[in-house]
1. Find the accessible area per residue for the stretch 13-82; the probe is 1.4 Å, ligands and nucleic acids are left out, and the unit is Å².
2. Please work out how much length the chain gains when fully extended from Arg32 to Met112, using 0.36 nm per residue of separation minus the C-alpha to C-alpha distance, in nm with one decimal.
3. If R₀ is 41 angstrom, what is the calculated FRET efficiency for the pair Val15 and Arg56, using the beta carbon separation as r and rounding to 0.05?
4. Compute the length gained on full extension between Glu75 and Glu25: take 0.36 nm times their separation in residues and subtract their Cα-Cα distance, giving the result in nm to one decimal.
5. At a Förster radius of 25 Å, what calculated FRET efficiency corresponds to the Cβ-Cβ distance of Ala129 and Asp48, to the nearest 0.05?
6. If Thr126, Thr120 are ordered by their accessible area, calculated over protein heavy atoms with a 1.4 Å probe, which sequence runs from highest to lowest?
7. I'd like the FRET efficiency for Arg122 and Glu87, computed as 1/(1 + (r/R0)^6) with the beta carbon distance as r and R0 of 41 Å, rounded to 0.05.
Amino acid sequence: MPCLHRLRLHALHKVIVIFAGYPNEMEQFLQRNPGLRSRIAFHVPFADYNADELCRITELLGKESGLEVRADALEKLNGVFRSALREPDFGNGRYARNLLEQAEMNLAVRVMGMDPAAVTERDTRTIIAEDVEAPIACGSKKSAIGF
């Protein structure tokens, strides 16, 4: 669960410093300088997104890029997200963006392999299940994307 720390420098009253990271790493950071903890005004923990929320984020990111994420692709993504949520260093929203970018590259490769006369404009902007690539687990020959 990521968290956010905000430090307000009282002497300036116009500067806000935000520290963001995972709880364990943030705690290690704060322990390195004991005086820093007393200067942090707010500590705001954030819950991880669930698989359905990550699918919605992916869909919205796709829409912003002019892409349609078809229902079969969302179903496959949901399974990928459910598996990823069990990993200790899961990247959350960043993971959704990385999966979408990989799917977009796979879409381009798929469209290039189609008969040019048969390709529609919609084909060039629709992510299907085939485009969604589930990252290989650690310890395999191929590593996960973007992490």
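1. Details: 4830 Å² over 70 residues.
Counting only protein heavy atoms, the per-residue value for the stretch 13-82 is 69 Å².
2. Fully extending the segment from Arg32 to Met112 adds 23.6 nm.
3. 0.75
4. Taking Glu75 through Glu25 to full extension adds about 14.7 nm, to one decimal.
5. 0.55
6. Thr120, Thr126
7. 0.75
The values are calculated or read from the model by the stated rules, or taken from the named source; none is laboratory data. Everything quoted here is computed from the prediction, not taken from an experiment. Because the Cβ atoms are built from the backbone with ideal geometry, glycine has one as well, and the counts that use them run over all protein chains shown. What goes into the accessible areas is simple: the full protein's heavy atoms, side chains included, and nothing from ligands, DNA or RNA. Shrake-Rupley method; radii C 1.70, N 1.55, O 1.52, S 1.80 Å.
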